[in-house]
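Scroll down for the structure; my scribbles are underneath it.
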Amino acid sequence: MNGLSPLRAEPARHPIGRGWVWVRSGFDVFNKGMGVSVAMVLIWFAVGLLLERLPAGGLISQLLYMVWGAGWMVVAQRGYEGNQLKFADFFAGFRNKLTPLMLGGLLVLVLFTLIGLICLALLSMWGLTPLLTQDPASMVASVAQVQGLLLCLLLGLALLIPVLMAITFAPALIYFHDVGILQAARLSFKGCLINMWPFFWWGLIGAGLMLLGAALMLIGLLVVIPALNYSIYVAYRDIYLDVSQEVHTEVPLTGFEA
């Protein structure tokens, strides 16, 4: 378990103000290695852009979703423990637990595809699919058609939110605790559900920071994105780990320390 505490029997519930603590702690982790964090974001984006140019790049990107997620969690773990961040930790998911993490990415792909198919089926049933091929600048739609598009969009968001809840903590649970993919998704969903209000506050703060980062010629996003990713690790510790049974690993003595 990489020296982490064991999992709680049930995810812990926290007050709404805890969302701010998670965000603030994410920036504390970021301060343990600013340059490393920025480099990881740049590599993350660069690999994503490169994959999009390949024939099956989109599929590969989805399969790597939880692999990258585990890397962010491992980096955050080191910083949370007071150590300087290491760039090599970002690729931890490629070295360990690669298969279950990629299967988790496949689950994400399947769920996103199902949501897309449901929305597309509704648009087809309501006769709205021709609108998708029109130029947005010259699109002509009736009030009923606009209402149908908005209803489909709201339905898609309503289906997307539970999926995001199910995958938020899944990479950490799979990587650190060898939890099965479906069990990790279930625990992640439950942890998010019982902490709905702190996550609502976390989301509002995160959205504001993302807008601020985008307003600063996108440079601010190089700070906000890793900090928010690190905050997910802090929330994971708060919700799932039984710190009363913290596992302390002994550091082997070298010849100099002895």
- Item | Cα long-axis angle, helix 181-194 against the chain (0 to 90 degrees, to the nearest 10) | 80
- With θ set to phi - 60°, apply the Karplus curve 6.51 cos²θ - 1.76 cosθ + 1.60 along region 30-44 and write out the HN-Hα couplings as whole Hz, x wherever there is a Gly or Pro. 4, 5, 6, x, 4, x, 4, 5, 5, 4, 5, 4, 5, 5, 4
- Query: Considering amide H positions built from the backbone, and no H for Pro or chain starts, which residues 5 or more places from residue 33, or on another chain, come under 5 Å of its amide H?
  - Reply: 85
- Query: How would you rank 144-151, 73-80, highest first, on the average number of other Cβ atoms within 10 Å across their residues?
  - Reply: 73-80, 144-151
- Under the definition of Cα pairs under 8 Å and six or more residues apart, what whole-number percent is the relative contact order of the chain? 39
- Message: So for region 81-198, averaging the separation of alpha carbon pairs under 8 Å that are six or more residues apart and normalising by length, what relative contact order in percent results?
- Response: 28
- Item | Of all accessible heavy-atom area on region 166-243, the percent that carbon and sulfur account for (1.4 Å) | 80
- So what's the angle, to the nearest 10 degrees on a 0 to 90 scale, between helix 221-240 and the longest Cα principal axis of the chain? 70
- Note on the structure: The answer for the chain, accessible area per residue at 1.4 Å probe in Å², is 54
- Query: Tell me, what ³J(HN,Hα) does each residue in region 108-119 have, in order and in whole Hz, if you take phi through Karplus 6.51 cos²θ - 1.76 cosθ + 1.60 with θ = phi - 60° and put x for Gly and Pro?
  - Reply: 4, 4, 4, 5, 5, 5, 4, 4, x, 5, 4, 5
- Query: Out of residues 5 or more away from residue 241 or on other chains, whose amide H comes under 5 Å of its own, with H placed 1.01 Å from N in the peptide plane?
  - Reply: 8
- Message: Given a Förster distance of 35 Å, report the FRET efficiency between residue 81 and residue 215 from their Cβ-Cβ distance, rounded to the nearest 0.05.
- Response: 0.55
- Mind putting a number on the dipole of the chain about its Cα centre? Charges go on the C-beta only, +1 for Lys and Arg and -1 for Asp and Glu, and I need it in Debye to the nearest 20. 180
- Report ³J(HN,Hα) in whole Hz for each residue of region 95-105, in order, from the Karplus equation J = 6.51 cos²θ - 1.76 cosθ + 1.60 where θ = phi - 60°; Gly and Pro get x. 8, 9, 6, 4, 5, x, 5, 5, 5, x, x
- Query: Over region 39-110, what relative contact order in percent results from Cα pairs under 8 Å that are six or more residues apart?
  - Reply: 35
- Can you list, bin by bin at 10 Å, the percent of alpha carbon pairs in region 58-147, starting at 0? 15, 27, 19, 17, 16, 5
- In degrees, nearest ten, helix 143-167 long axis to first principal axis of the chain (Cα): 20
- Query: Counting only the heavy atoms of the protein chains, how much of residue 10 is accessible to a 1.4 Å probe, in Å² to the nearest 10?
  - Reply: 100
- Query: Using a simple charge model, +1 on the beta-carbon of Lys and Arg, -1 on the beta-carbon of Asp and Glu, nothing else, what dipole does region 1-80 show about its Cα centre, in debye to the nearest 20?
  - Reply: 220
- Message: I'd like to know how region 127-232 sits against the 2.2 N^0.38 Å rule of thumb: what's its Cα Rg over that expected value?
- Response: 1.44
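The values are calculated or read from the model by the stated rules, or taken from the named source; none is laboratory data. On a predicted model such as this, the values are computed, not experimentally measured, just so you know. Positions of Cβ are generated from backbone atoms using ideal geometry, with glycine treated the same way; all protein chains shown enter the neighbour counts. For accessibility, only protein heavy atoms count, side chains too; no ligands or nucleic acids. Shrake-Rupley method; radii C 1.70, N 1.55, O 1.52, S 1.80 Å.
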